[in-house]
Amino acid sequence: MSDYIIFNAIIKIGGSLANKKEGFTNLCHYLKKLYDDYKFIIVPGGGVFADQVRSIDKEFNLDKSQSHFMAIFSESLFGYLIYTKLSNSKLVSKIDSLYDSEKYFDSIPILLPFKYFIDKDPLPHTWKVTSDSIAYYLGQILGIEKVILVKDVDGLYTKNPMEYPDIKLIKKISATELSKIEEDTCVDKHLSKLIKKYKKSCYLVNGFHPKRIRNILKDISTVSTLIYE
C-alpha cells in the first residue's frame, strides 16, 4: 500500500476551455509544472465533442442510454486533445492501473471514463449528468480528498455574468442551495445530489487563471466557488 501514489486531487478540465487556444495551452503548461509538486488525475470534459452528441441526439431521437454513453465516449476525444498538449501525460482507461506507481508517478494520468461507466453504469442516463458529476463521482470512489472542476468562468453565479456584468461571484454555496437554483449554471443539475450523498465538497475555478488551482491545493483562499454538503 505504501508504494501507491497518493493523489491530491481530481482535476476536471472543462471542454469550453479549448475555445480559447492560448488560454487552454497555458493551462496545460501550468499543469505540467504543477504535477511536480502535487499528484492529481485529470478527467476531461466533453466540450465541442459532447455538443455534437447533443445535436445528434436531437436529430436522430436517441434514447437516453444511447446519448448518455455517446456523451461519455466523447470525453475521450477531449481527453486525447489534452494529451497532445501535456507532454508528461498518459491516457488511462482502467481505474486499477492508476496505482501503478512506476507508470504514473512522473506522468499525469488522464482518466478516460467510458470503460468504467459502461461496465459499472453508476449514474442516471440523463443530460443532467455531465463530466462534472462524472469527475466528482470518480473522486469519491477513488477516495480522493479534493475535486476541482476547472471552468472558463471564475465560479458559480446565479445568472450569466456575460449578460449580467454586475452579478457577484458565489464564494460558497451548499448543495441544497445549489439544487434550488432553477436557471442553468456552470455545473450540471445532478452534482448537488452527489454532494449531498457523499458529503464531500468540490471547487469551481477558472482555468484561464491556473495559479488558482495551486492555491486550492495549498488551502490558500482564492477566487473560486466552494460547493459543500
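Only the coordinates and a few stated rules stand behind these numbers; no lab work does. Please read these numbers as outputs of a predicted model, since none were measured by experiment. We place every Cβ from the backbone using ideal geometry, glycine too, and count neighbours over all the protein chains shown.
Close amide H partners of Leu156, meaning residues 5 or more places away or on another chain with modelled amide H under 5 Å apart, are Ile170, Thr225. For the chain, a simple Cβ point-charge model (Lys and Arg +1, Asp and Glu -1, everything else neutral) yields a dipole of about 400 debye relative to the Cα centre. What FRET efficiency do you get for Leu142 and Asp36 if R0 is 25 Å and r is their Cβ-Cβ distance, rounded to the nearest 0.05? With R0 = 25 Å, the Cβ-Cβ based efficiency is 0.70.
Each Lys and Arg adds +1 at its Cβ and each Asp and Glu adds -1 at its Cβ; summed about the Cα centre, the range 20-62 shows a dipole of about 120 debye. A Gaussian network model of the chain, with springs between Cα atoms under 10 Å, assigns the largest mean-square fluctuation among Ile42, Ile181, Ile108 to Ile181. Could you tell me which of Phe49, Phe69, Tyr228 has its Cα farthest along the dipole of the range 9-228 towards the positive end, charges placed at Cβ (Lys, Arg +1; Asp, Glu -1), taken about the Cα centre? Of the options given, the answer is Tyr228.
With the helix formula -39500 (n - 2.57) applied to DSSP H stretches of n ≥ 4, the chain reaches a computed 222 nm mean residue ellipticity of -12000 deg cm²/dmol. Both the radius of gyration and Dmax for the range 141-212 are 12.7, 39 Å, in that order, over alpha-carbon atoms. Summing Cβ point charges (Lys, Arg +1; Asp, Glu -1) relative to the Cα centre of the range 1-92 gives a dipole of roughly 220 debye.
Using θ = phi - 60° in the Karplus curve 6.51 cos²θ - 1.76 cosθ + 1.60, the 3J(HN,Hα) couplings for the range 201-215 round to 7, 8, 10, 10, 8, 7, x, 7, 10, x, 4, 5, 5, 4, 4 Hz; x is entered for Gly and Pro. Residue farthest toward the positive end of the dipole of the range 80-210, with Cβ of Lys/Arg at +1 and Asp/Glu at -1: which of Gly143, Leu156, Phe117? It is Gly143. For the chain, dividing the convex hull volume of the Cα atoms by the residue count gives 124 Å³ per residue. Whole-Hz Karplus values for the range 130-140 come out as 10, 5, 4, 5, 4, 5, 4, 4, 4, x, 6 Hz, taken residue by residue from phi with 6.51 cos²θ - 1.76 cosθ + 1.60 and θ = phi - 60°; glycine and proline positions read x.
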